[in-house]
Each structure stands twice: as structure tokens, then as C-alpha cells.
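Data first, discussion second: the structure below is written as C-alpha cells.
Where a number appears in this text, it was derived from the coordinates with a stated rule and is not lab data. Just so you know, these numbers come straight off a predicted model, no measurement behind them. Backbone-built Cβ (ideal geometry, glycine too); neighbour counts: all protein chains shown.
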Amino acid sequence: MTRRIDFYRIGREALASLGSLETYLRSSTLDRALLELVKVLASKINGCTFCVTGHTTAARARGESEERIAALALWRSSPLFTDSERAVFAWTDAVTRIESGAMGDHLYEQLRASYSEKEVIDLTFVINAINCWNRLHIAFDTQIKAH
């Protein structure tokens with residue numbers, strides 16, 4: 001296999017902008033554990049093993065249980081998640097897949113029932129940021145280091 005570019009080393013200037021976005025998002029009022037689950041879900045959808053691994057670890061550190069992390073694969077039917085969390089996961093799925101018509105008014109209305117305008121904007125930026133990270137790690141074949 002051909003070794004790919006180390007985008008962290010070579011792309012520092014471009015990554016600075018993404019880093020500024022991450023700094024802003026850390027100031028969000030959204031629950032940090034929920035945001036880690038959002039990142040795990042989007043990363044699973046995108047097939048980014050590197051990010052799934054990292055954000056699963058971060059979700060545990062934020063107090064998420066193994067049971068809820070495992071149930072994320074079945075979030076639509078799992079009783080472990082609230083209606084508000086399911087609305088976030090539905091939005092995450094739609095924004096990540098961005099299929100025509102996937103972000104219908106019903107998804108938006110479900111999200112707005114629990115979250116402020118600013119929180120919806122911040123959440124959407126979190127989803128877009130993790131999608132960007134996923135695509136970078138997949139494109140440059142970032143490998144998980146064995147312990």
C-alpha cells in the first residue's frame with residue numbers, strides 16, 4: 001500500500017481554519033457527551049474507523065455508557081435515547097447523507113422542538129466538521145496505531 005500524505009503536517013495552514021471552528025464549537029451550550037455520540041454516528045455512516053475509535057473513547061470519557069454507545073447503531077428504536085436525542089441523530093443522519101429531500105421539514109421541526117436556533121446551527125456545524133474530519137482521515141488513510 002502506498003503511504004499517503006500526512007495531512008496534519010503538510011496541511012497545517014488549512015487545518016488552522018478547521019481548528020478555529022472546533023474551538024468555537026467547544027463553547028457550544030450543547031451537551032458534550034451528546035456531541036460525541038453525534039460524531040460517532042456520523043463517523044460510522046462515513047466508514048471512518050479512525051474517528052469512530054477516537055470519539056467512542058471520548059464519549060466514554062464524557063460519561064456515556066457502553067450500552068448507549070452500542071445502541072447508537074439502533075438509535076431509531078432504542079429506548080435508551082430520548083426523543084430529543086433521536087431528533088439530533090435523525091438530523092445527523094440527514095446532514096451526513098445529504099440525500100435529496102432527506103432534510104424535510106419534519107426533521108427540522110422535531111429538532112426545533114428541543115433546541116434553540118443557535119443550538120441547531122451549532123449542531124449542524126458539529127456535524128459538518130466531523131464529516132470534514134472523516135473525509136480527511138479516509139482520503140489520507142489515517143491508521144489507528146495498535147497499542
Once you list every other residue whose beta carbon is under 12 Å from the beta carbon of Cys132, what net charge do they have if Lys and Arg are +1 and Asp and Glu are -1? +1
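What net charge do the residues around Ala59 carry, taking every other residue with its C-beta under 14 Å from that of Ala59, with Lys and Arg at +1 and Asp and Glu at -1?
Details: positive: Arg32, Lys39, Lys44, Arg60, Arg62, Arg68; negative: Asp31, Glu36, Glu64, Glu66, Glu67, Glu85.
That works out to 0.
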Taking the alpha-carbon centroid of each part, what is the distance from the range 106-147 to the range 4-55 in angstrom? 8 Å
Cys in the chain lacking any partner Cβ under 4.7 Å -> Cys132
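What does the convex hull of the Cα atoms of the chain come to per residue, in Å³, rounded to a whole number? Each step should come with its number before you reach the end.
Working: hull volume 19.4 nm³, N = 147.
Convex hull volume per residue, Cα atoms: 132 Å³.
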Normalising by the residue count of the chain, find the relative contact order in percent from Cα pairs under 8 Å and 6+ residues apart. 34 percent
